[in-house]
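The structure appears below as structure tokens.
The values are calculated or read from the model by the stated rules, or taken from the named source; none is laboratory data. As the structure is a computational prediction, the values presented were derived from the model and not from experiment. Cβ atoms come from the backbone with ideal geometry, glycine included; neighbour counts cover every protein chain shown. Side chains are part of the model used for accessible areas, which takes the heavy atoms of the whole protein and leaves out ligands, DNA and RNA. Shrake-Rupley method; radii C 1.70, N 1.55, O 1.52, S 1.80 Å.
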Amino acid sequence: SVHEVVPVYYQHAHTDDFALREYSPNPTWLQIVTQEVPRLRRAGWNIEIDNDFPVQVLSADADIEAELIEGSGIDWLELHLGVMVDGEQVDLVPALVRLISRPEAAALIEVADDDKPFVLTLLDGRLLSLPMSRIRPTVHALLELWASGGIDADAGRIGFSRLDAADLAGLEERTGLVWRGGEALRDLGRTLRQAGGIPKAVVPPSFLATLRPYQGQGVDWLQFLGSAGLGGVLADDMGLGKTVQTLAHLMIEKIAGRLDRPTLIVCPTSLIPNWTAEAHRFAPDLSVLALHGANRKASFDAIPHHDIVLSTYPLLSRDADVLLAQDWHAVILDEAQSIKNPNAETTRQALRLKARQRLCLSGTPLQNHLGELWSLFDFLAPGFLGSQKAFKSRYRIPIERYGDAERQELLNRRIRPFMLRRTKEDVVTELPPKTEITESVELETSQRAIYEAIRLSMHAKVQAAIASKGLARSGIIILDALLKMRQACCDPRLLKLKAVARAKAGSAKLDRLMEMLSIMFAEGRRVLLFSQFTEMLALIEAKLQDEDVEFVKLTGETKDRATPVRKFQAGDVPLFLISLKAGGVGLNLTAADTVIHYDPWWNPAVEDQATDRAHRIGQNKKVFVHRLVTLGTIEEKMEVLKEKKRAIVAGVMDAETGGPLTLTDADVEELFAPAG
């Protein structure tokens, strides 16, 4: 009997009967049965244990096998870890879930010796002994899955959906077990985890943009997610072409016949013109309907007959009945950080939209705290990161408050398959030395009314001057009229008219600038901002001060030019406001990687000279140049004329520098006609 070989240390015959204390200094029955009895049997002893002995420890007859079995929900597979015990198949998952949910579980597994058995208490009270070396990789992997929120302890089971495919692949990889079942889900998980494992998408010839290699990889990724019924965050830096990648994705969907419902793209109001223009330019076969403005309700019935429907975040609530009634092929949120507040009405309405695929586009998916990231994923895949409360305790507090690198890596690993982020530094070899981007801006209603009033009155004034003095002697009046139209595009307050003050018209361009700067600063960009109007710089300065943005400024009135240059070059501030005339030449500002031209002008050489303050010898970063151009105005007309009618541009440029105005009557009419 056991008592013949093990000293009795007990003060009473039954003091420690069945004692299962983990750190008892004396041998317990559990230690005796799991360690001493096997040792004695190996030494030749014949040990008999009565069937009614309370500490019955079972031994597995074979290796553990992992099997995925169809669960109760759609696309839901449950994991079973089966082992044969005395001819009976036993599932270890419920017992393992109970074990790993204990706070001390990780420490116990860490200190356990490989040469000692691992004893698992089954739900029916029986004890199962397994070699520690065999079970440790599985328990480690399950502990990691538990820490990332991938296991529901209350349910006592481990299940996987398509969203968990990457976690499943990681679990399979780390356990080293034999797996059966769920082949499709396991294949999906391995593809999501493997770099370069995503199949190549074929972009149709009818898509008119030439994609850079990294953009092609982005389209591959979007297509792969779509084919798997998954969503994701395309989180490339501003200027890397999130719009063109998305349009290519939708074009492939149309050619494949899958775009049998419209796709809804929700964006800031200022980006409606960009989406419209980019779709027309690169994917003219995609029909686009912009739900924007006071007359949009007249277009509601046309929604099902378009490939792309554009709406804005403010309209999600106002048009909720219409947008929620439609089944969408995809819902795409551009500048998706707009739903970073999960309690906002806009966010709540976005969550209610019905679509086969949900996508977020954002160069700054995380601006202030991890809760914003949770909000994006709550839209993409509710429950994927747990509840807001669970996410806070599992990730936000450990990472933000205590700098927990391990928990940060767990979060990164969980979201990595569903977020594609490339910075400008990542794709530097694929970019030209200078990337130029036109930012189209649509005037708001009151600003549009002011602009049209100025255009009509200036046109009449110019016509009257030409009729009385002739074209050659009307140059000053024509240039002044063009100036006022350009000022109305920049900000109506530049006109200093009482009617403008009464109308309280805002500036769509200034609003768009502030949106861009917010994103650029979050990306760590260093920005030069040029304007020809020092008064416009003053208006921008006031806006920056309201939002506590640090900057330096250089105009013709700046006495000390060296100090702002030194502060910007040293990285003390992220933004340099510069008047085109005072700072367009003679400065070396290689700390900048971004240039914004707030107002375009006739002479591209002058703009290029200003851009070259950053794009010059000594610059080791790619430079991005953004031009803000208001649609349907003289600014848009200028851009077209610079490309197609150089004679008109040259005539205005010469007059600007004091030369004669060499325009014809037809040229003047073209300048003041409504922009096409």
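For the chain, the longest principal axis of the C-alpha atoms and the axis of helix 213-227 are separated by about 60°.
Among 419-427, 218-226, 89-97, what's the highest-first ranking by average C-beta atoms within 10 angstrom per residue? Mind dumping the intermediate values first?
Working: 419-427: 16.8, 218-226: 22.8, 89-97: 18.6.
So the peptides 419-427, 218-226, 89-97, ranked by packing, come out 218-226, 89-97, 419-427.
In region 199-310, the convex hull through the Cα atoms has an average projected area of 7.2 nm², a quarter of its surface area. Seen from all directions on average, region 340-426 presents a Cα convex hull projection of 6.4 nm². The charge dipole of region 379-502, taken about its Cα centre with unit charges on the Cβ atoms of Lys, Arg (+1), Asp and Glu (-1) only, comes to about 460 debye. Among S579, G216, A508, pick out the residue whose Cα is farthest towards the positive end of the charge dipole of the chain, where Lys and Arg carry +1 and Asp and Glu carry -1 on C-beta, about the Cα centre. Value computed over the given set: S579. How large a share of the accessible area of the chain, in percent, is made up of carbon and sulfur atoms when the probe is 1.4 Å and the other protein chains stay in place? That fraction is 51 percent.
In the chain, taking the dipole from charged Cβ atoms about the Cα centre, the farthest positive-side position among T175, L99, S468 is held by S468.
Each Lys or Arg adds one and each Asp or Glu subtracts one; over the other residues with Cβ under 9 Å from the Cβ of T269, this totals -3. Taking amide H as placed 1.01 Å from N in the peptide plane, R180 has its amide H under 5 Å from the amide H of A66, E67, L68, each at least 5 places away in sequence or on another chain.
Could you tell me what fraction of 2.2 N^0.38 Å the Cα radius of gyration of region 558-672 comes to, as a two-decimal ratio? Walk me through the numbers before you get to the answer.
Values: Rg = 16.8 Å, N = 115, 2.2 N^0.38 = 13.4 Å.
Scaled against compact globular proteins, the figure is 1.26.
Calculate how steeply helix 132-147 sits against the longest principal axis of the alpha-carbon atoms of the chain, using the helix alpha-carbon long axis, and give the answer as 0 to 90 degrees to the nearest 10. So the inclination is approximately 40 degrees. Of the residues P284, L628, A228, the one whose Cα sits farthest toward the positive end of the charge dipole of the chain, with +1 on the Cβ of Lys and Arg and -1 on the Cβ of Asp and Glu, is L628.
Entry note, the chain: the mean residue ellipticity at 222 nm calculated from DSSP H runs of n ≥ 4, each adding -39500 (n - 2.57), is -12000 deg cm²/dmol after division by the residues and rounding to the nearest 500. Under a 5 Å amide H cut-off, with hydrogens placed 1.01 Å from N, I437 pairs with V625, H626, R627 among residues at least 5 apart or on other chains.
Averaged per residue, the chain has 46 square angstrom of accessible surface, using a 1.4 angstrom probe with ligands and nucleic acids left out. In this Cβ point-charge picture (+1 for Lys and Arg, -1 for Asp and Glu), the chain has a dipole of about 3200 debye about its Cα centre. Sorted on the mean count of surrounding Cβ atoms within 10 Å across their residues, most packed first, peptides 641-647, 158-164 read 158-164, 641-647. Over all orientations, region 205-263 has a Cα convex hull whose mean projected area works out to 4.3 square nanometres. Can you give me the angle between helix 634-644 and the longest principal axis of the chain, using Cα atoms only, in degrees from 0 to 90, rounded to the nearest 10? In the chain, helix 634-644 runs at an angle near 90 degrees to the longest axis.
Per residue, how much space in cubic angstrom lies within the convex hull of the C-alpha atoms of the chain?
Numbers: hull volume 141.1 nm³, N = 676.
Normalising the Cα hull of the chain by residue number yields 209 Å³.
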